[in-house]
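J.: Below are the structure tokens for one structure; questions will follow.
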Amino acid sequence: MAKQIGYSKKVMDHFMNPKNVGIMENPDGYGKVGNPVCGDLMEIFIKVKDDIIEDIKFKTFGCGSAIATSSMVTELAKGKNIDEALKITRNDVADELDGLPPQKMHCSNLAADALQEAIKDYKKKKK
């Protein structure tokens, strides 16, 4: 029998009912990151107005943790100033999900990284 990994209820909720899923046409910022080892791939799209993340969507190819962390990072970033959102860390994401199993922590890195890439893209376009 497979060993139980031990996901929190919040992880399971964000996996089973992810928030902000989808693709955004003409986003103000776009970030894409992947992990070649596990094969996870995340894309984050942001719409920004007056430096506030007004809308955010994600598309993730990966395990349940990858989907849950993508969903959570979009919830954490929505409505925040872009500089505040840039400070969201992998630990913030894992903490908000009531923890992740150690072997799944790399998934939360990807979600935070994809958000940071989208914000960097936005800032680059804004110049």
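J.: If you take the residues in segment 6-33 that are in a helix (DSSP H, G or I) and over 13 Å from residue 70 (Cβ atoms), which one is farthest from the chain's Cα centre (by Cα)?
T.: Here the residue is 9.
J.: Something else: Take segment 76-91 and flag every residue that is among the charged types (D, E, K, R) and surrounded by 16 or more Cβ atoms within 10 Å (Cβ to Cβ).
T.: Correct list: 78, 80, 90.
J.: Got at least one residue in segment 45-54 being buried (at least 16 other Cβ atoms within 10 Å of the Cβ), at negative phi, out of contact with any Phe, Trp or Tyr (no Cβ under 8 Å at 6 or more places or on another chain) and in a strand (DSSP E or B)?
T.: Yes, segment 45-54 contains a residue that is buried (at least 16 other Cβ atoms within 10 Å of the Cβ), at negative phi, out of contact with any Phe, Trp or Tyr (no Cβ under 8 Å at 6 or more places or on another chain) and in a strand (DSSP E or B).
J.: Residues in segment 97-127 that are part of a loop (DSSP other than H, G, I, E, B), surrounded by fewer than 20 Cβ atoms within 10 Å (Cβ to Cβ) and at pLDDT 90 or above: how many?
T.: So the answer is 1.
J.: Moving on. Looking at segment 2-58 only, could you name the residues that are hydroxyl-bearing (Ser, Thr, Tyr) and modelled with pLDDT of 95 or more?
T.: Matches in segment 2-58: 30 only.
J.: Still on this model: Filter segment 73-96 for residues that are of a type in the set (Lys, Arg) and in a helix (DSSP H, G or I) and give the result.
T.: 90
J.: List the number of the failed condition for residue 74; all other conditions in (1) over 20 Å from residue 11 (Cα atoms); (2) in contact (Cβ under 8 Å) with a residue 40 or more places away in the chain hold.
T.: Result: residue 74 passes all but (1).
The values are calculated or read from the model by the stated rules, or taken from the named source; none is laboratory data. As the structure is a prediction and not an experimental result, all values here were calculated from the model. Please note: Cβ atoms are built from the backbone with ideal geometry, for glycine as well, and neighbour counts cover all protein chains shown.
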